[in-house]
Amino acid sequence: ISRPARADDNIPPDVPTNLQVPQGNRLFRVAHAVGTQNYVCLSTGWGSPAYAPQATLFDEENEQILTHFLSPNPDESNTPRPTWQDSHDTSTVWANPIPGASYTPDPTAIPWLLLRVVGRAEGPTGGDKMTGTTYIQRVNTTGGLKPTTACNEGDKALVPYTADYYFYKADNK
């Protein structure tokens, strides 16, 4: 069992090569997420892409620092993307998993991922804590797998999960 991430470690997690952040980026923020992966049953069943995270992310002091959810990315014509919003200045980033950058060390949990930031926005008062983010790693996951049971169209499943998220920005930022 892995312990929750701690920002003061300031050390990237030990991950397979396909999840390593490219050189030229440095770790600047670490958070532990507690929430749900939310699934909706479509005519194709639970295997549909209609799912979204809903999580609160905490620092090593157990203080809320981010909220994680699915929302439209204005930088991509409002394409829905995983979103992280700072709890204080409301700066926001949208990211997309990098194809092939996935690892499943625990078959009972959602995979570990490397995501590339594809959109960013300052908070309404100019907050910018998150806007420099370039990559995000999701590691140390528990739970969150889509249901394997039969479903009726429109059914919803909120599956508890936890994860550690590591946020990177360019070295020159």
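The values are calculated or read from the model by the stated rules, or taken from the named source; none is laboratory data. Since the model is a prediction, treat every value here as computed from it, not as a measurement. Ideal geometry is used to build each Cβ from the backbone, glycine not excepted, and the neighbour counts take in all protein chains shown. Side chains included, ligands, DNA and RNA excluded: accessible areas come from the protein's heavy atoms. Shrake-Rupley method; radii C 1.70, N 1.55, O 1.52, S 1.80 Å.
Quick look at the values:
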| item | result |
| --- | --- |
| Percent accessible area from carbon and sulfur atoms, the chain, protein chains only, probe 1.4 Å | 51 percent |
| Whether the stretch 67-139 is rounded, prolate or oblate, judged on the alpha carbon gyration tensor where a/c under 1.5 counts as rounded | prolate |
| Histogram of C-alpha separations across the chain, 10 Å bin width, % | 10, 38, 37, 13, 2, 0 |
| Additional length obtainable on full extension of the chain from Thr104 to Thr149, 0.36 nm per residue less Cα span | 14.1 nm |
| Gln23 versus Leu158: modelled label distance in nm, points set 7 Å from Cα along the beta carbon direction | 4.6 nm |
| For the stretch 96-111, Karplus couplings with θ = phi - 60° (6.51, -1.76, 1.60), whole Hz, Gly/Pro x | 10, x, 7, x, x, 9, 9, 8, 10, x, 10, x, 9, 9, 4, x |
| Inter-centroid distance (Cα atoms) of the stretch 87-107 relative to the stretch 119-140, Å | 11 Å |
| Neighbourhood charge, 10 Å Cβ-Cβ cut-off, centred on Gly123 and excluding it, Lys, Arg +1 and Asp, Glu -1 | -3 |
